[in-house]
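S.K.: Let me begin by handing over the structure; questions about it come next.
The values are calculated or read from the model by the stated rules, or taken from the named source; none is laboratory data. Since this is a predicted model, take the numbers as computed values, not measurements. Positions of Cβ are generated from backbone atoms using ideal geometry, with glycine treated the same way; all protein chains shown enter the neighbour counts. Surface accessibility is based on the protein's heavy atoms, side chains included, excluding ligands, DNA and RNA. Shrake-Rupley method; radii C 1.70, N 1.55, O 1.52, S 1.80 Å.
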Amino acid sequence: MTPVEFAVAAEHYLTGARLAEGSRRVYRIALHTWAWLLVGRTPPAGAERRRAAPPVLPLALLDGPDAPRRVAEAFATRAGAVGARTANRELSALRAALRWWCEQGWLAADPADGLRPLPAARPEPALTDAQVRAVLALRVPLREKVLWHLVRETGAPIERLLALDVDRLDPADRQARPGAGERPLRWRGGTARLLPLLIAGRSAGPLFLTDRRAPAGTPDGDRCPLTGRARLSYRRAAELFTAATAPLDPAGRGWTLHRLAEPHR
């Protein structure tokens, strides 16, 4: 039986798709974002985006002659708001769901078939030394201080830093024990000074934690056994950095977290 409503169809797809639990959550957020866009409304931002129930959207709106135009306009609106990289990632999630719905016979055709990912924007330059000093001098929570120093000092991908667990850290030698196939991860004085304060009293679980307890269904590996809080996501870490650096940015928009990494010399 064909679902009447977009969000219901999305849940059917997510249940049937071969996705890791973390990827399933990301896809759900992306598909809910599309529901807002496809009814001509602005999606919630930040934490509200993850908690807000999507608007009612009849699945039939994606199965008529006007559907390709509706999807294309929503994609253009989203790209203008968040940039090509995020919009392309969300388009990929929608395309995967649309293909699955077509296979089930719920849609006659893919209304996003004519859409192509947008070209990536030119890479943003690394922050200058003066800008980095200003960032690291900001009065922010300890969690952000440690993450930002690690980003600057290690040169490691931010995703790898957020995946660190407390029991893999060696603060005395300023390094994390690498997993199979990983390069050693070493840091300098800024991280070495702050890290013991962040992990005080914890011997296992994610290094970087959210402010709230983990929702039901969070994998044990992404939950702190002491506090019950979840692993901090890349999306949330990036949002926090951009918000904190807005006062330093002459344009007032804030900077992106990857610009904090030290450039290769």
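S.K.: Being free of Cβ contacts under 8 Å to residues at least 12 places away in the same chain and of a type in the set (A, V, I, L, M) narrows it down to one of Leu98, Leu19, so name that one.
M.R.: Exactly one of Leu98, Leu19 is free of Cβ contacts under 8 Å to residues at least 12 places away in the same chain and of a type in the set (A, V, I, L, M), namely Leu19.
S.K.: Here are some residues: Pro65, Pro54, Pro44. Which one is open to solvent by less than 60 Å² (accessible area, probe 1.4 Å), more than 26 Å from Thr256 (Cα to Cα) and out of contact with any Lys or Arg (no Cβ under 7 Å at 6 or more places or on another chain)?
M.R.: On the way: Pro65 fails: open to solvent by less than 60 Å² (accessible area, probe 1.4 Å); Pro44 fails: more than 26 Å from Thr256 (Cα to Cα).
Unique residue meeting the criteria: Pro54.
S.K.: Filter region 88-140 for residues that are acidic (Asp, Glu) and part of a helix (DSSP H, G or I); which is surrounded by the most Cβ atoms within 10 Å (Cβ to Cβ)?
M.R.: Glu90
S.K.: Please state which of the following conditions Leu37 fails to meet, knowing it meets all the rest: (1) part of a helix (DSSP H, G or I); (2) touching a helix residue (DSSP H, G or I) at 6+ places or on another chain (Cβ under 9 Å); (3) open to solvent by less than 70 Å² (accessible area, probe 1.4 Å); (4) within 28 Å of Pro219 (Cα to Cα).
M.R.: All conditions are met except number (4).
S.K.: Separate question: If the Cβ limit is 6 Å and pairs must be 6+ apart or interchain, which residue in region 175-203 that is within 13 Å of His149 (Cβ to Cβ) pairs with which residue that is of a type in the set (Asp, Glu) and part of a helix (DSSP H, G or I)?
M.R.: Trp187/Glu153; Arg188/Glu153; Thr191/Glu153
S.K.: Take region 175-188 and flag every residue that is open to solvent by less than 30 Å² (accessible area, probe 1.4 Å) and not in a strand (DSSP E or B).
M.R.: Hits for region 175-188 are Gly179, Trp187.
S.K.: Note down all Cβ pairs under 7 Å where the first residue falls in region 228-249 and is without any contact (Cβ under 8 Å) to a residue 12 or more places away in the chain, the second is of a type outside the set (Phe, Trp, Tyr), and they're at least six residues apart or on different chains.
M.R.: Close Cβ pairs satisfying both conditions: Ala243/Gly254; Ala246/Gly252; Ala246/Arg253; Ala246/Gly254.
S.K.: Any idea which residue in region 16-59 is nearest to Ala81 (Cα to Cα), counting only those that are modelled with pLDDT of 90 or more and hydroxyl-bearing (Ser, Thr, Tyr)?
M.R.: In this case the residue turns out to be Thr33.
S.K.: Any chance region 160-174 includes a residue that's free of Cβ contacts under 8 Å to residues at least 24 places away in the same chain, over 23 Å from the mean Cα position of the chain (by Cα), surrounded by 16 or more Cβ atoms within 10 Å (Cβ to Cβ) and not in a helix (DSSP H, G or I)?
M.R.: So far as region 160-174 goes, yes, one or more of its residues are free of Cβ contacts under 8 Å to residues at least 24 places away in the same chain, over 23 Å from the mean Cα position of the chain (by Cα), surrounded by 16 or more Cβ atoms within 10 Å (Cβ to Cβ) and not in a helix (DSSP H, G or I).
S.K.: Quick check on region 195-253: of everything there that is hydroxyl-bearing (Ser, Thr, Tyr) and outside any helix (DSSP H, G or I), which residue is most open to solvent (accessible area, probe 1.4 Å)? Quick ask: steps written out before the conclusion?
M.R.: Here is the first cut: in region 195-253, the ones hydroxyl-bearing (Ser, Thr, Tyr) are 203, 210, 218, 227, 233-234, 242, 245.
After this cut, where a residue has to be outside any helix (DSSP H, G or I) as well, the list is 203, 210, 218, 227, 233.
Working: Ser203: 96, Thr210: 35, Thr218: 15, Thr227: 42, Ser233: 50 Å².
Step by step, filter region 195-253, then rank; the result is Ser203.
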